[in-house]
Amino acid sequence: MTEYVIGLFIGDNSVYLYDKQSYDDTKTGLSVASIHNSIHLELINNNNIPVKLHSYKFRALMKYDEGGQVKLVPVNSSVKPEYIPSGKQVKKWRNLYSIGPLNDQIYLATDWTKARKIDFINSSFDLNALNNKQINPGEAINGWILFEVDEDLRYQPFDIIEYEAVLENSAGEQVTINIAAQKEDVTKNAVSGGSMIMRDLVDLTKIKWDICSIIDLKRSVKDGVPLSSIELKNIH
């Protein structure tokens, strides 16, 4: 298969609203997970036999502050996480964690009272690829992948220098591709190949939720790692 990235988009103001019980039967309630990066990926089968994508994983070479602390700052009747840097800048490979199949519960939340709902149901890479039938010779599949990052990166700005993707087909064959990060102005011109539907504005302050990343919830279920969530109310 030939793999290439069409475009990148979405910044720190985008969140995914989800039901914790869909990942853990013992948990209830709604949470938001912060989206820190995304990729629109297209795969073309240039083999002479049908193939099916079995799995993928991404990581990124990042420049970021290492060793800082996350402080909870009071906001009205609740708290807001804020990163206090150590001043030690490092350049390291870090994992990116896909949130999985996408739906219409992604929000661009520059203002919690007027969050723009974004519908990815028809343009989710996981739905189009991992849950799809085989890819015949000459056919292509594509879609958006939205990523979380580890806790020490969530509340600080970081630069991505390069991406690395490892793709595996159903026969167990793997291919690794490296992709240079695009500058912001180039990125805006590159997203024409990826589509999404902008829906209505939603007042997220009218919905009861906490902040809890999906990757932390999965680790709690799989490895028994203590789950931490942040209750937020009356955020404006």
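No value in this document is a laboratory result; all are computed from the given coordinates. Bear in mind the structure is a predicted one, so any value in this text is a computation, not a measurement. All Cβ positions, even for glycine, are placed from backbone atoms using ideal geometry, and neighbour counts span all protein chains on display.
Quick notes on this one:
- Cross-link reach list, lysines versus K91, counting only Cα pairs under 28 Å and skipping chain neighbours closer than eight places: K57, K63, K71, K80, K183, K188, K218
- Among L72, L167, the ranking by other beta carbons within 10 Å of each residue's beta carbon, starting with the fewest, stands as L72, L167.
- Ranking of Y97, Y83 by count of other Cβ atoms within 10 Å, fewest first: Y83, Y97
- An oblate overall shape is assigned to region 56-121, the ratio a/c of its alpha-carbon gyration tensor axes (a ≥ b ≥ c) being 1.5 or greater and a/b not exceeding b/c.
- In plain terms, the residue of W93, W144 with the fewest other Cβ atoms within 10 Å comes first and the most crowded comes last, giving W93, W144.
- Distance in nm between pseudo-label sites at D119 and E82 (7 Å out along the Cβ direction from Cα): 3.9
- Vicinal HN-Hα couplings computed from phi for region 164-176 (Karplus, 6.51 cos²θ - 1.76 cosθ + 1.60; Hz; Gly/Pro x): 10, 10, 10, 10, 10, 8, 5, 8, x, 7, 10, 9, 10
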